Structure formats: structure tokens, C-alpha cells
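Novice: Structure below; questions to follow.
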Amino acid sequence: MPEEYSWPSREASAVIGKVHDRLDGVVKSTGAAKYTYDVNLKNQLIAVAYGSPYAHCKIKSLDVSGAEKTPGVVHVEVLPQGKKDTEIEWEGELLAVVAAESEAAAREGVSKIKITVEELDVFADESNLTAAEVAGRTGKGGGKAETVNEPGDDDDEDEFVEKELQRLFDESKYVLEGEYGIDAITHCCLEPHGATVQWKDGKLEAYLSTQNVSGTDEGFARDLELTADDVHVQCEYIGGGFGSKFAPDYWGIAAARISKATGRPVKLMLQRDQELKLGGSRPSGYIKVRLGADENGVVQVWDSLQWGSSGFRGGGVSHSVIPYVLVPPNYRRVSTTIKSNTANARAWRAPNHPQACAMSQTALDDLAAKMGADSYDVFLANLVNATNGKAEVYRAEMEVGAKLIDWKAKWHPHGKGPSRGAIVDGLGMGLHTWGGTANTSSCLLKIYPDGGVESFCGTQDLGTGTRTVCAQVLAETLGLEVGQVKVNIGSSRYPNSGASGGSTTVGAVCESHRRAGQDAVAKVFDLAARELGVDASVLEAVGGQIRDSANHQKRISWRKACSLIGLKPLEVTSNYRRGDESPLTDSGVGGVQMAHVEVDKETGVIKIKKFVAVQDQGLVINPKTCKSQIYGAVIMGIAAALYEQRVTDPQSGKFVNAELSDYKLARLGDVGEIVVELYEPDSERIRGVIGNGEPPAISPKAAIANAVANALGVRVPTIPMTPKRVLDALAKA
């Protein structure tokens, strides 16, 4: 066994750090990859769910007799929340499931369900609350509010804080007041949530669209009163998760119950409008802030009131991440959570951070405008307030980004740039932080006597290239080519590996696969050493050979070395536990993003001209897949900044644009030129692998909002910056 696990140096790496196409690229692009919806089992039923048409009501009756009589319908199950006298708190909550011989029959059955309710007061429009209403905790309609005030615990302390804040503001060279906001947006994974399930010999087989293969067997088992060993979850491919697919969900459990009751396999996938209604959302966030800065623009004091909603349970953007990254030495934050009649939020690619960034760093940009200063210089000056220890990394990344976007040549004071008729352009930036600690992971590695290599790990590939990264790590460790390694993932029967959330997966699988590879190759070295007549400590695996590192003439082929194993394969299981110190992984990254936009002042339309993302993530295993993560995150951020918006009717609470035909996303022509730069100096590389799924999704909204303000000379205060909001901001100015 190696005394210490390690990565090869940059110069010695043959596979790690090199571009490699994703191993599943061909099967996905040709349609050969089987997603949950593609799994069709013998004698299978198709299930369709019925959701509440009301946002807030009490059920008086739910009549499913018409569905039961529909030709082709085999089973109708009323869910617990569909029972009489149940209070429904958001539109779309599933009340019943119809299983039939065909989707058409199931849909027809759903259409015949009749519901009688007592309608209750609805509140679904927290974006229109004013700061004064929030401060008074009045709410509107059926809204409920809970306020968290820090740091004062009593009246005397609050009075002291008030006086101290006023003193600090009086001493400030510059004082800025502003209001900013970001609306709730909803998950819209290309592959809807759902499962195809069947029972065999009292055990459940579930083909589940999930980002938690190793954990969802327990989710099924708990609700179905089984043991985890009685459940087998499989997910070879997933069409998006982003934080919304950690559990079987109650519709997955319902599918399993129906399958058991009918003795037939059942496929239940959410319909597209249900996907947007049930799949979760990013919480909304709105803020009124006053900040004070010294003569250099360094913020010394921050005072804010914020509110927002995570849905019917309340919540909102956590005040603990505001102000974001650049935290002044003195601050007060008052946070009010609003309960609204909408579906509850779910984790989504850096929970809280994109909103916090957009609600904080817009104020910093407006401070620069008030000073008449270059916002780049004000961001630079405020790096002294960086609370994550990455000030110098940000400084270097800002320099890289500024060169790539030509900041110094193109920047101009807010609203003072050249115009082409009604078209004006501008620059903006934002910076972010994230942890990315490796999750727990185990890997079973088998090396066969013929030289074949196969790994088994209960992780999942969200489309980020996890399979490819695992293969690259093993190939590097064993001195092979990537194509000589077979990686098996996506089954709960494989050794446990953590859920893919929080940018924890790449570090996790690199830990388990590198450890397994080094543990296994050490055993192969012992066998080869006797064959070569050398000490095992001098051997290395390079280019399909086991050789003496000092005398390359002493060598044998990998296949020959493996033949010494015997008749049975060499098996090694290696583990990593989240939180353990390791030289292979680390946590804590930062990134800087800059946007160049143009705005039509007559139409209010914003276009992205160029977007630059500079990101550190420790050691990069595959630059191509790493950059792909960042491209996707930037596009996601552009969509949220300009287009995405959950629109609810304030009277009924209905989600009025819950179809992809109405829920606008960025298209190919909307994203402009995207430039990605991986920041990987030796000082970052030696830290080991750090996850990169979340970080680049954080700053786009702030950077774009700041670029729009730079172009127009006025702030469009609420994201998404729709054409109407642009025109309203111009008219108000």
C-alpha cells in the first residue's frame, strides 16, 4: 500500500490534465443512451398524475370514479394529500395517480377526475411587497412573515447598534442607498422527474432519474417499509438534476405502490407543466440596503432589510451570505421570510449564492458609479474585505479577465459610453466563492489476469463527465490509456458514493478511484518486482508497462504483470470519507466573471456581446469537461439574468407560464461569445481536485446587471431584466 496518496506532477502527467472526449458522448448523441423514460418493461403500465388546480384550498371531495371507469385504466390511487379536508397550499400538488395500458388512456382518466374545494386566501406575489410593508410585517393577502433581526437581542442593544451605525455612516465619505431584487425561477430539467419501477420476488427495482444513486434506495425503503437491500436503484444517464433530484419523491413512492398493487411494472414521469410546478425553484430575494465607504471606495458599514420566499413553508435567501464575499467590518442585516402559496424551493446549483451575489455586488457597482470611479477599481479596493482568504486569487483572476474582455479600453462611466442610435453598451463584473469539498466515496477495482481493468462505484454522471474523469484517474494511475479502463457507475448495488450536490462529486470519485488505483498497482508492483528482480519501491506504471524508474530496460508489459495475479482477478476496495484530510482534494474556490452587453434603449432588449469567466478549481483532471461545466453555468446565468421568471397570478396563485413554450430560456443566439479561462497556477494545482459545478453559476446575474447599469446609466433593479423592466427603469430615471 502507498504510504501517502498523491497526484503526479504536471510534467509527469500522461492523462490527468489532458483533454479527453466524454466516454458517453457517442451513445448520448446517437440516442443509444437509455434514460429513465427510455426503459420499457414487459407488461408495463403508464401512470399520469393529477395535480391541484388551486393554489390554496381545502378539499371537500375528490371524485375519481370517472377515471376508474375509463377504458384502459387499470388502477387509480388517491394520494394522502388528496383526502377530504386536506389543506392544499400550492397549485400543482399531486392528489391522485392514474395508471393505464397507455399514456392516452391515463391522460383521459385524469381528465375525468372531479374536485370540490373550499377556496382559501392566496398570496403568491412577494415581489410586489415594498420595503415599508416588509419592515411593518404587514404582508398581503394570505402571506405570512417572520423576521430575523441581528445582532440586537433587546431594546438597549438595538438602540446601541442604531447609534453606532449612524456614527459609521456619518464618518463615511460615500453613502449609497439602493433596492435590488431577483425573482424566483423554477427548475426545468430537460428530463422530467420520475421513475420506472417493478417488483421481483418481493424486491423493488427502480430506474430513477436521480443524482443520488447510492442514497435513494434508502428513500424507497423507508417509505415502503423495506430494507435498503430490498431496493435496487439504477440511473445510467440523467437529463439534468441541478439539485432537484436527490430523493425518490412521493410520486416515485406512489409508482412503487401501484406496481405492487397491480403486479405490473409502472412508469411515472411528471408532465412538462408539472415538472416546472413540482421540481422546485430558486427562492426569490429582495433587499433595501444602505452602505458607507471611505475615500477609496472600501465599504466600512452595511445596513440592509431583505425579504423573499422559498414557497409555502416560508424561507427565502439566507441572510448569512449577504453581503456576499466582500464583507465589511460592520454590518446589520434584517431578514423577513415570506410564506407564499407556491411550491417549495429545492437546492439549485449554489443555493443562495447567485441571489446573494446579485443583491450585494450590484450595490458595490452603484457605489462606484456614485464615486465616478471604474467599478473594476472599486471591486479591487474591496478585496481587503474578502472573507474567504482568496483576495490574491481574485486579484490575479481579475487581471486575466480584464485582458480577455479588454476592460480598460472598453470601460466608460455609467451611461457615458458611445452610442449607435438607441444602442448603448457597457461592462460589468462580479465575483463568487464556493466550497466544493469532496463527498464520501468507495470504489471497487478489479484487475483481471488478462490485463483488463474494471471499476465499480455507486456514483452518477449528471452529464458532467464523471465516467470520463474516473477513467482518466485510473488510466493515469495504472499507466494505461483511457480506453483500456471500464468504469461502472449508476447502480445502488455498487459501493456507496455520495450524492451529486454541492460540487462534491469530482473530488469524491477522484479520491476513491485514485486510492483504489494506487492500492491495486502496489500489489501488481509486488508481483512484477519478483519477476524483474528489483525492489517494488522503484517501479512505475507508464505507457502500458511496469518498469524500473531508474533503468527503463528492466520492464514487463502490463498484461504480463497481470498474468502473475493468478486465475482470479485482483480486487481492491478503497474508501474516502467526507471531511478526512487528504492530499488529493481540497475545498474553497473563487471566480471572476465579466460581461459586455448592449442595450436598445427604445425596445429595452439586452444582448450579450461577450462574457468572460475565470475560474480556479485546484487540479483540473480534464480541461474540456471542466470548461464545459463553466459554459453551461454561464448560459444558465444568462437565462436567469434576462429571461427566466416564474409568473404567478396574484389573484389565483396559478403558475401561468408553466410550459417551456411560455417559460423563456436563453437560446443559441442569446448567449453571445463566451470565453472560459481555467486559473490553474501551481499554487492552485497542488491543492488537489476541487468541485466546479456550482461556482461558475453564481456571478453571471450580477455581472450582467452591472453591465446593463454601465450601459444605461440607470439601474434595472430587479432580475430578470426584461425589456419592460429596462424601459420602466429608463422612464423612472
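The values are calculated or read from the model by the stated rules, or taken from the named source; none is laboratory data. Since the structure is predicted, the reported quantities are computational estimates derived from the model, not experimental observations. Ideal geometry is used to build each Cβ from the backbone, glycine not excepted, and the neighbour counts take in all protein chains shown.
Novice: Would you confirm whether or not the range 561-582 contains a residue that is in a loop (DSSP other than H, G, I, E, B), under 17 Å from E4 (Cα atoms) and basic (K, R)?
Specialist: Yes, there is a match, as at least one residue in the range 561-582 is in a loop (DSSP other than H, G, I, E, B), under 17 Å from E4 (Cα atoms) and basic (K, R).
Novice: Still on this structure: Kindly check whether there is at least one residue in the range 288-298 that is surrounded by fewer than 24 Cβ atoms within 10 Å (Cβ to Cβ), outside any helix (DSSP H, G or I), modelled with pLDDT under 95 and not assigned by TED's automatic domain parsing to the domain that holds A709.
Specialist: There is no residue in the range 288-298 that is surrounded by fewer than 24 Cβ atoms within 10 Å (Cβ to Cβ), outside any helix (DSSP H, G or I), modelled with pLDDT under 95 and not assigned by TED's automatic domain parsing to the domain that holds A709.
Novice: Are any of the residues in the range 721-732 surrounded by fewer than 23 Cβ atoms within 10 Å (Cβ to Cβ), of a type in the set (D, E, K, R), without any contact (Cβ under 8 Å) to a residue 24 or more places away in the chain and assigned to a helix (DSSP H, G or I)?
Specialist: yes
Novice: Being polar (S, T, N, Q), assigned to a helix (DSSP H, G or I) and surrounded by fewer than 20 Cβ atoms within 10 Å (Cβ to Cβ) is the filter here, so list the residues in the range 446-498 that pass it. Steps first, answer last, please.
Specialist: Step one: list which residues in the range 446-498 are polar (S, T, N, Q), which gives 455, 459-460, 464, 466, 468, 472, 477, 484, 488, 491-492, 496-497.
Within this subset, residues satisfying the condition of being assigned to a helix (DSSP H, G or I) are 466, 468, 472, 477, 484.
Once the filter is applied, which keeps residues that are polar (S, T, N, Q), assigned to a helix (DSSP H, G or I) and surrounded by fewer than 20 Cβ atoms within 10 Å (Cβ to Cβ), the range 446-498 yields only Q484.
Novice: Look through the range 368-399, keep the residues that are touching a residue at least 24 places away in the same chain (Cβ under 8 Å), under 28 Å from the mean Cα position of the chain (by Cα) and exposed (fewer than 15 other Cβ atoms within 10 Å of the Cβ), and return whichever of them is nearest to R715 (Cα to Cα).
Specialist: T387
Novice: Exactly one condition in (1) crowded, with 22+ Cβ neighbours inside 10 Å; (2) more than 30 Å from S281 (Cβ to Cβ) is false for I88; which is it?
Specialist: (2)
Novice: Among what's in the range 693-708 and is among the β-branched types (V, I, T) and either surrounded by fewer than 24 Cβ atoms within 10 Å (Cβ to Cβ) or outside any loop (DSSP other than H, G, I, E, B) (or both), pick the residue that is nearest to the chain's Cα centre (by Cα). Walk me through it before giving the result.
Specialist: Restricting attention to the range 693-708, the residues satisfying the condition of being among the β-branched types (V, I, T) are 698, 704, 708.
In the following step, the residues that additionally are either surrounded by fewer than 24 Cβ atoms within 10 Å (Cβ to Cβ) or outside any loop (DSSP other than H, G, I, E, B) (or both) were identified as 704, 708.
Values: I704: 20, V708: 25 Å.
Across the range 693-708, the extreme among qualifying residues is I704.
Novice: Right, here's the next one. Assess whether A658 counts as being under 30 Å from G507 (Cβ atoms) and surrounded by 18 or more Cβ atoms within 10 Å (Cβ to Cβ).
Specialist: No.
Novice: While we're looking at this one, here's another question. Quick check, is D450 among the charged types (D, E, K, R) and touching a residue at least 12 places away in the same chain (Cβ under 8 Å)?
Specialist: Yes: the conditions hold for D450.
Novice: With respect to D682, is the statement that it is surrounded by fewer than 16 Cβ atoms within 10 Å (Cβ to Cβ), modelled with pLDDT of 95 or more and among the acidic types (D, E) true?
Specialist: Yes.
Novice: Have a look at R282, R272, R264 and point out the one that is of a type outside the set (V, I, T), in contact (Cβ under 8 Å) with a residue 60 or more places away in the chain and closer than 30 Å to Y331 by Cα.
Specialist: Just one listed residue meets the conditions, R282.
Novice: Kindly establish whether G463 is within 24 Å of the chain's Cα centre (by Cα) and either modelled with pLDDT under 95 or aromatic (F, W, Y) (or both).
Specialist: yes
Novice: Further question on the same structure: Do we have Q306 as part of a strand (DSSP E or B), in contact with a helix residue (DSSP H, G or I) (Cβ under 9 Å, 6 or more places away or on another chain) and polar (S, T, N, Q) here?
Specialist: So Q306 fits the description; yes.
Novice: Every residue in the range 316-351 that is within 21 Å of the chain's Cα centre (by Cα), surrounded by fewer than 23 Cβ atoms within 10 Å (Cβ to Cβ) and of a type in the set (A, V, I, L, M), please.
Specialist: Within the range 316-351, V321, A347 qualify.
Novice: Here is a further query. Starting from residues that are surrounded by 15 or more Cβ atoms within 10 Å (Cβ to Cβ) and part of a loop (DSSP other than H, G, I, E, B), keep the ones in the range 105-128 and report whichever is modelled with the lowest pLDDT. So that I can check it myself, show each step before the final result.
Specialist: Step one: filter the range 105-128 for residues surrounded by 15 or more Cβ atoms within 10 Å (Cβ to Cβ), giving 105-110, 112-113, 115, 117, 120, 122-127.
From what is left, the residues that are part of a loop (DSSP other than H, G, I, E, B) are 112-113, 120, 122-125.
Numbers: K112: 98, I113: 98, L120: 97, V122: 96, F123: 95, A124: 92, D125: 88.
Per the stated criteria, the residue is D125.
Novice: Continuing with this model, one more query. Given the residues K416, K403, which is the only one that is modelled with pLDDT of 95 or more and in a helix (DSSP H, G or I)? Working first, answer last.
Specialist: Details: K416 fails: in a helix (DSSP H, G or I).
Just a single option satisfies the conditions, and that option is K403.
Novice: Follow-up question, since we're still on this one. Please enumerate the residues belonging to the range 425-445 that are within 28 Å of the chain's Cα centre (by Cα), buried (at least 22 other Cβ atoms within 10 Å of the Cβ) and farther than 30 Å from L404 by Cα.
Specialist: A438, N439, S441, S442, C443
Novice: Restricting to the range 404-424, give me the number of residues that are of a type in the set (D, E, K, R) and surrounded by 21 or more Cβ atoms within 10 Å (Cβ to Cβ). Walk me through how you get there before you give the answer.
Specialist: In the first step, residues of the range 404-424 are kept if they are of a type in the set (D, E, K, R); the result is 406, 408, 410, 416, 420.
Restricting the remaining residues to those that are surrounded by 21 or more Cβ atoms within 10 Å (Cβ to Cβ) gives none.
Of the residues in the range 404-424, 0 are of a type in the set (D, E, K, R) and surrounded by 21 or more Cβ atoms within 10 Å (Cβ to Cβ).
Novice: Quick one: would you say R530 is closer than 30 Å to K403 by Cβ and out of contact with any helix residue (DSSP H, G or I) (no Cβ under 8 Å at 6 or more places or on another chain)?
Specialist: Working: closer than 30 Å to K403 by Cβ: no; out of contact with any helix residue (DSSP H, G or I) (no Cβ under 8 Å at 6 or more places or on another chain): yes.
Judged against the criteria, R530 is not a match.
Novice: If you don't mind, another one. Search the range 632-687 for residues being among the hydroxyl-bearing types (S, T, Y) and within 30 Å of E11 (Cα to Cα), and hand back the single one that is nearest to the chain's Cα centre (by Cα).
Specialist: Y679
Novice: Now, a different point. Could you count how many residues in the range 615-641 are in a loop (DSSP other than H, G, I, E, B) and surrounded by fewer than 21 Cβ atoms within 10 Å (Cβ to Cβ)? Reasoning before the result, please.
Specialist: Taking the range 615-641 first, the residues in a loop (DSSP other than H, G, I, E, B) are 617, 619-622.
If we keep only those that are surrounded by fewer than 21 Cβ atoms within 10 Å (Cβ to Cβ) too, we end up with none.
Residues flagged as in a loop (DSSP other than H, G, I, E, B) and surrounded by fewer than 21 Cβ atoms within 10 Å (Cβ to Cβ) within the range 615-641 amount to 0.
Novice: Regarding the range 169-182, can at least one residue be identified that is within 37 Å of the chain's Cα centre (by Cα), surrounded by fewer than 18 Cβ atoms within 10 Å (Cβ to Cβ), modelled with pLDDT under 95 and aliphatic (A, V, I, L, M)?
Specialist: The answer is no; no qualifying residue exists.
Novice: What pairs come up if the first residue lies in the range 12-28 and is under 17 Å from G543 (Cβ atoms), the second is among the hydroxyl-bearing types (S, T, Y), and their beta carbons are under 7 Å apart, counting only those six or more places apart or on different chains?
Specialist: Short answer, once both residue conditions are applied: H20/T468.
Novice: Could you check the range 337-356 and list, in sequence order, the residues that are part of a loop (DSSP other than H, G, I, E, B) and in contact with a helix residue (DSSP H, G or I) (Cβ under 7 Å, 6 or more places away or on another chain)?
Specialist: Across the range 337-356, the qualifying residues are S340, A343, R349, A350, N352.
Novice: Let me ask you something else. Filter the range 551-567 for residues that are more than 20 Å from E481 (Cα to Cα) and in contact (Cβ under 8 Å) with a residue 24 or more places away in the chain and give the result.
Specialist: Once the filter is applied, which keeps residues that are more than 20 Å from E481 (Cα to Cα) and in contact (Cβ under 8 Å) with a residue 24 or more places away in the chain, the range 551-567 yields L564, I565, G566, L567.
Novice: Any idea which of E644, E598, E659 is part of a loop (DSSP other than H, G, I, E, B), touching a strand residue (DSSP E or B) at 6+ places or on another chain (Cβ under 6 Å) and in contact (Cβ under 8 Å) with a residue 12 or more places away in the chain?
Specialist: Answer to the selection: E644.
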